[in-house]
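What follows draws every value from the coordinates through simple rules; no lab data is involved. What you see is a predicted model, and the numbers here were worked out from it, not measured in a lab. All Cβ positions, even for glycine, are placed from backbone atoms using ideal geometry, and neighbour counts span all protein chains on display.
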Amino acid sequence: MVPARDMLLTLLHQGRNGLIGQMQMRHEMYVELRQGLQRLASELDERLLDVPENEISLAMTLERLPWGKETLLGGMLFARGVTGAR
């Protein structure tokens, strides 16, 4: 119930123009993040995966990650506030 209420209050506060502005800013930031992650993937000889059905998430292969370092990487991402990493 609380998330729905918070969303309603945010939408009422921002109004139509505020919401459209937030959506445009999110799209611009997504494009910038995608380009940066693509450069990083190329430098590490990895691939950025395309998932056309999902317009928000990004995925990168980790084939070059040393065996046993998965939890270290996960911990580093979590400590930096990255959520939803798998």
Taking 0.36 nm per residue of separation between Asp45 and Val82 and subtracting their Cα-Cα distance, the length gained on full extension comes to 11.1 nm
Rounded to the nearest Å, the spacing of the alpha-carbon centers of segment 56-86 and segment 16-42 is 20
So the angle from the long Cα axis of helix 2-43 to the longest Cα principal axis of the chain, reported in degrees to the nearest 10, equals 20
Given a Förster distance of 30 Å, the FRET efficiency implied by the Cβ-Cβ spacing of Ala59 and Gln24, rounded to the nearest 0.05, works out to 0.80
Taking a ≥ b ≥ c as the square roots of the Cα gyration tensor eigenvalues, with a/c under 1.5 meaning rounded and otherwise prolate when a/b beats b/c or oblate if not, segment 2-61 comes out prolate
Relative contact order as a percentage, the chain, C-alpha pairs under 8 Å and 6+ apart, gives 15
Note on segment 36-86: alpha-carbon gyration tensor, axes a ≥ b ≥ c; rule is a/c under 1.5 for rounded, else prolate if a/b larger than b/c, else oblate; result oblate
Taking Cα atoms only, helix 70-79 is inclined relative to the longest principal axis of the chain by an angle, in degrees rounded to 10, of 30
Within the under-13-Å Cβ sphere about Arg26, not counting Arg26, Lys/Arg +1 and Asp/Glu -1 give a net charge of -2
Which residues qualify? For Met60, with a placed amide H closer than 5 Å and at least 5 residues away or on another chain, they are Leu49
